[in-house]
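K.L.:
I am attaching a structure below and will ask some questions about it afterwards.
Bear in mind that the values in this text are calculations on the coordinates, not laboratory data. Source: prediction; values computed, not measured. Cβ coordinates were reconstructed from backbone atoms using ideal geometry, including for glycine residues, and neighbour counts include every protein chain displayed.
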Amino acid sequence: MKASLCHIQINVHDAKISLPFYKRLFAYLEYKTIDESESHIGVSNGTTDFWIIETEEAHNDKSFHRKASGLNHIAFKVSSKEDVHTFVSEFLKKEKVKVLYDMPRDYPEYKAGYYAVFFEDPDRVKLEVAFVP
């Protein structure tokens with residue numbers, strides 16, 4: 001049986017902080033809003049959906065750490081190295097989002113030609129924009 005990725009849900013501590021961040025990020029990456037309220041946003045690029053949902057009070061006491069078991073990061077693939085640089089200048093700098101590991105760079109240990117930038121959401125979930133030839 002062949003399967004493809006349907007959706008990813010990211011739970012966030014504070015919708016008032018995280019939802020605007022994700023709304024701007026996904027708009028920049030050309031995802032369309034498919035559902036939205038004060039406590040969540042759903043977006044889609046026609047293939048994969050993302051749901052950003054405020055964590056219920058009863059479960060909102062733990063912070064995320066990518067080194068713990070579970071999710072490490074989410075990567076978005078773009079068409080060129082230039083797209084990675086454009087994303088840094090047009091989105092990350094404008095939004096004052098700190099770039100992890102100092103800058104976008106080559107990651108030959110992943111694959112020849114792999115070029116990426118890493119950053120974090122307001123809850124410190126690591127995100128990546130990458131060119132993968």
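K.L.:
Which loop trypsin sites (Lys or Arg not before Pro) in segment 89-133, with loop taken from DSSP, have no more than 14 other Cβ atoms within 10 angstrom of their Cβ?
P.N.:
Lys96, Lys98, Lys111, Arg124
K.L.:
Checking the table Lys81/Lys126; Lys2/Lys32; Lys62/Lys111; Lys67/Lys111; Lys2/Lys94; Lys16/Lys81 against a 30 Å threshold on Cα-Cα, which pairs fail?
P.N.:
Beyond 30 Å between Cα atoms: Lys62/Lys111; Lys2/Lys94; Lys16/Lys81.
K.L.:
Taking amide H atoms as placed 1.01 Å from N in the peptide plane, list the residues 5 or more away in sequence, or in a different chain, whose amide H sits under 5 Å from that of Glu36.
P.N.:
Gly42
K.L.:
Still on this structure: Counting each DSSP H run of 4 or more residues in the chain as -39500 (n - 2.57), what helix-only mean residue ellipticity at 222 nm follows after dividing by all residues, to the nearest 500 deg cm²/dmol?
P.N.:
-4500 deg cm²/dmol
K.L.:
So, one more: Give the long-range amide H neighbours of Asp49: residues separated by 5 or more places, or on another chain, with amide H under 5 Å away, using H modelled in the peptide plane at 1.01 Å from N.
P.N.:
Sorted by chain and number, the residues that satisfy this are His7, Ile8.
K.L.:
As an exercise, find the ratio Rg/Rh for segment 1-56 from alpha-carbon atoms, using the Kirkwood inverse-distance average for Rh.
P.N.:
Rounded to two decimals, Rg/Rh equals 1.01.
K.L.:
Quick one: P(r) of segment 34-133 from all Cα-Cα pairs, 10 Å bins, percents rounded to integers, in order of increasing distance.
P.N.:
Histogram of Cα-Cα distances, whole percents per bin: 13, 38, 37, 11, 1.
K.L.:
Phe21 to Lys111: FRET efficiency via 1/(1 + (r/R0)^6), r the Cβ-Cβ distance, R0 22 Å, to the nearest 0.05?
P.N.:
Taking R0 as 22 Å, the efficiency between Phe21 and Lys111 is 0.15.
K.L.:
I would also like to ask the following. Under 8 Å for C-alpha pairs, at least 6 residues apart: give me the relative contact order for segment 72-133, rounded to a whole percent.
P.N.:
In percent, rounded to a whole number, it is 45.
K.L.:
At 7 Å along the Cα-to-beta-carbon direction for both Glu95 and Thr33, put a label point, then send me their distance in nm to one decimal.
P.N.:
It works out to 1.5 nm between the two label points.
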